[in-house]
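Colleague: Below is a structure I'd like to ask you about.
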Amino acid sequence: MKIYLLLLSFFFSFGLLPAQSDQLHPWTDSQGRTLQASFISLDTEKVTIKWNGQIVPIPLASLSPESQSLARQLASQMNGKSSPFDTVVAPNQLHSWTDVQGRTLQARFVKLFAGTVTIEWNGQMVPLPMTSLSPQSQKLANQLASANKPTPKPVPTRPKPAPAPPRPKVAAKPTVVTEDVALDEEHNWQATNGSLIKAKFISIVGEDINLLVNQGRSEATVPLSRLTKDSQALAKKLNKDLQIRNKMRGQEANKRKKMKVPALVEADISKYHQWISSTGTEIEAMYVDAGDEGVTLLMRNNPNRPYELGWERLNPESQALAEGLRRLKAQLMPLDPRIANSKGGSLSHYTEGKWKNYNTVLESAVYDVALHRNGHVVHLWLKNQAKKAEEGLGDRAQRVPLSINFRPVFYLNPGERNRQWKHRRIVSFDEPPPVSMEREETTIKGMFDNNATFEYNIQINHRGLSFWGEIDEDRKEEFPTTFSIAFHSPNFIPDVTNMQLQDIEPLVGDGSLYIDPMESKRAKIPMMTKWDDIMKKFSGADWNPIKSAEFMGKPFGSHKIKITPASTSGMVFRWGKGYSGVYPFQAIHLSHMTEDTYNARNSTDPGQFKDRHEVPRNKRLNVNIIRGRG
């Protein structure tokens with residue numbers, strides 16, 4: 001059994017059981033999860049607490065501002081009181097051992113030799129490299145090793161050498177491969193230039209590694225060649241573990257088909273239930289979705305962000321509840337929905353109901369996403385938080401949906417000031433995807449009106465959205481095609497040109513676009529700003545290209561929509577207004593393309609630019625939506 005499983009016995013990611021100890025304090029993390037524990041110590045990077053008799057280090061940055069303030073206040077009140085790690089320790093008793101990633105277990109000390117600590121855990125002798133342990137556990141090992149040594153014979157005293165200067169604080173170290181490396185945990189990944197990032201492993205695709213960063217809020221793709229050998233070995237080890245786990249989950253999915261489930265009614269789908277983890281931790285959450293990999297839940301204490309949980313993390317009763325809700329949700333879908341088959345430039349799609357004219361659909365707790373039957377437009381609807389506490393899901397925000405568009409365009413008069421462009425028309429699809437409300441990754445292949453072929457890729461799940469694609473076109477094409485992927489926030493005020501300012505302002509409110517230019521600092525652009533005033537404020541590198549963009553404010557409710565390319569190397573990410581009016585500034589376009597595409601669209605000879613036909617997966621456009629602006 002791996003070390004990290006012990007950590008899961010008291011850290012069940014979406015909630016923690018209260019501790020039973022004196023002088024308890026509430027500790028809340030950045031996701032709103034709270035436990036009761038006593039304060040032990042504070043250093044620059046972490047808080048150490050005592051919970052259920054266990055010494056538990058927690059990264060300071062992972063706590064809410066209130067809990068960080070509480071830690072500093074309690075530290076200042078200690079007035080020099082010593083840490084438990086400074087007291088005399090007994091070698092034969094159980095001790096808490098914490099590694100550099102903050103994972104802790106209880107075990108007996110055996111010996112320290114040649115930089116390796118040997119502990120007895122569950123009757124087994126386990127060697128641990130000293131470098132894999134936290135500074136406190138290294139200090140504990142040294143103390144216990146000293147306590148085990150026989151009392152030395154008296155020797156003549158010698159003058160003590162001058163104390164060595166204090167050693168600089170050791171920075172975070174990259175995760176190294178051991179049998180205890182956990183697939184579901186964040187690891188320190190080191191690049192060949194020495195930089196470190198903390199991220200969770202997702203997958204290896206070709207020569208790239210996909211990582212989950214920013215506490216699981218966004219994905220990043222990194223070429224394996226840019227990682228050190230140790231980090232490459234870690235990636236390959238985790239990828240092998242992932243393949244094994246996926247195979248096991250597939251087997252478990254077949255077993256769940258025969259699982260006995262509780263009696264449920266339609267109302268159970270949209271209400272909160274009590275869920276119990278495999279370690280006995282209880283939470284209150286609402287069912288959102290389930291697949292072979294796991295169950296997606298919406299926590300009552302954090303209803304702004306769904307949480308994905310592996311089936312193995314739930315006890316048998318909660319697995320049966322999730323399976324029952326999954327079956328019930330499927331049963332409530334029309335048994336024989338009217339579906340139009342793919343024909344010409346139209347994908348198969350629903351012909352009635354809420355999802356009429358759409359092929360692929362995801363209904364999340366925070367947003368709805370759907371691929372239109374035209375094959376090149378994805379619509380995104382924001383969803384409000386439920387008005388009543390007992391209701392799990394809110395309604396869609398009443399506004400025109402946001403959209404993401406695959407844009408293959410060509411110019412009739414390239415290079416001219418008022419050049420005219422047209423969108424390539426899809427005439428047929430190759431192996432078109434069937435309609436689905438469960439598929440996370442969709443590939444669309446087909447042919448344009450000039451016999452060029454294309455492949456569009458869409459990844460939609462409860463964490464966010466990703467888009468990439470490519471075109472294959474004859475080099476002798478008279479009107480060369482260029483390819484980009486665009487995010488569009490449309491005009492959300494109908495007939496705005498005929499409205500008075502006092503009527504417009506309450507609708508726009510504090511709505512703003514935030515941009516991060518490549519060569520200047522972050523800028524806020526209020527949507528009530530006149531376009532002419534914006535043009536006067538921004539110019540050159542202050543304007544475009546950008547690294548990322550965010551939408552916030554009244555038009556978007558409590559949501560924050562962040563649009564970020566996975567990589568800007570060799571790419572151009574730009575923004576601009578989306579309509580010809582001058583006031584107020586509302587509709588916004590964001591375009592992601594290669595440098596060759598950008599240059600081709602401004603050239604009299606676009607065909608000379610070879611890399612104008614793709615947005616590769618490792619440079620895909622990511623869209624992440626957070627409700628509550630957290």
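The values are calculated or read from the model by the stated rules, or taken from the named source; none is laboratory data. Worth saying up front: this structure is predicted, and the values here are computed from it rather than measured. Positions of Cβ are generated from backbone atoms using ideal geometry, with glycine treated the same way; all protein chains shown enter the neighbour counts. Protein only, heavy atoms only, side chains kept; ligands, DNA and RNA dropped before computing areas. Shrake-Rupley method; radii C 1.70, N 1.55, O 1.52, S 1.80 Å.
Colleague: Which of 240/329; 521/547; 200/236; 173/619 have a Cα-Cα distance over 22 Å?
Modeller: Violating the 22 Å Cα-Cα cut-off are 240/329; 173/619.
Colleague: Residues with beta-carbon under 10 Å from that of residue 411, excluding residue 411: net charge, scoring Lys, Arg +1 and Asp, Glu -1?
Modeller: +2
Colleague: While we're on this one: Among the aspartates and glutamates, select those whose C-alpha is under 18 Å from the C-alpha of residue 610, and discard any that sit fewer than 8 residues away in the same chain.
Modeller: Partners within reach: 455, 470, 472, 473, 474, 477, 478, 595, 596.
Colleague: Per residue, how much accessible area does segment 391-510 have with a 1.4 Å probe, in Å²?
Modeller: Accessible area per residue, segment 391-510: 52 Å².
Colleague: Follow-up. Need the list of lysines near residue 445 for cross-linking: C-alpha distance under 17 angstrom, and skip anything on the same chain fewer than eight residues off.
Modeller: Residue 445 reaches 343.
Colleague: Starting from the amide H of residue 295, placed 1.01 Å from N in the peptide plane, find each other amide H under 5 Å away whose residue is 5 or more places distant or on another chain.
Modeller: Long-range HN contacts for residue 295: 309, 310, 311.
Colleague: Taking all protein chains in place and a 1.4 Å probe, what share, in percent, of the accessible surface of segment 225-275 do carbon and sulfur account for?
Modeller: Of all accessible area on segment 225-275, carbon and sulfur atoms account for 53 percent.
Colleague: Below 16 Å, Cα to Cα, which lysines can residue 536 reach? Residues fewer than 8 away in the same chain don't count.
Modeller: Straight-distance partners of residue 536: 524, 577.
Colleague: If you count only protein heavy atoms with a 1.4 Å probe, what accessible area per residue comes out for segment 298-338, rounded to a whole Å²?
Modeller: For segment 298-338, the per-residue accessible area is 51 Å².
Colleague: Follow-up question, since we're still on this one. Rounded to whole Hz and in sequence order, give me ³J(HN,Hα) for segment 568-575 from the Karplus expression 6.51 cos²θ - 1.76 cosθ + 1.60, θ = phi - 60°, writing x for Gly and Pro.
Modeller: Once rounded to whole Hz, the list reads 9, 5, x, 10, 10, 10, 10, 9.
Colleague: With all protein chains present, calculate the accessible area of residue 208 using a 1.4 Å probe and round the result to the nearest 10 Å².
Modeller: 30
Colleague: Heavy atoms only, probe 1.4 Å: what % of the accessible area of segment 392-529 goes to carbon and sulfur, would you let me know?
Modeller: 44
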